[in-house]
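A short reminder: the numbers here are calculations on the coordinates, not readings from a lab. Note that the coordinates shown come from a computational prediction; the quantities given were computed from them, not determined experimentally.
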Amino acid sequence: LIWGKNHAIKFAEQYGKQDVIVATDCVYIPQSVSPLFETINELLDPSGLFLFVNTCASACPMEDVLNIATEFGFDCFDDELWYHDDDREKKKHPVHVFRRRKEV
């Protein structure tokens, strides 16, 4: 899947909206976060979940991911952070749970 709005629209036309999208170790530089969220924004069902894990050697701070997610109308629910059982105590490798912001 090539990231970006136009590619995502074509993908959605063929495969539909997705209930869950999982992305792992796919953001290496800050410039790649916007195209990722353009894609997620187009492909994720309105009530869907986006699960994001970035454990590799990344030059992109999680703060940048959170800021861009907010620009696209997504919130990260830290109270729903998931960990592999071996990582829970060390708080390593969290699975960040994103949901679309509810309209008020």
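A few points about this structure:
- Backbone geometry of the stretch 20-25 corresponds, through the Karplus equation with coefficients 6.51, -1.76 and 1.60 at θ = phi - 60°, to 3J(HN,Hα) couplings of 9, 10, 10, 10, 10, 6 Hz, x marking Gly and Pro.
- Phi-based couplings in Hz for the stretch 5-14 (Karplus 6.51, -1.76, 1.60; Gly and Pro marked x): 4, 5, 5, 5, 4, 4, 4, 5, 4, 7
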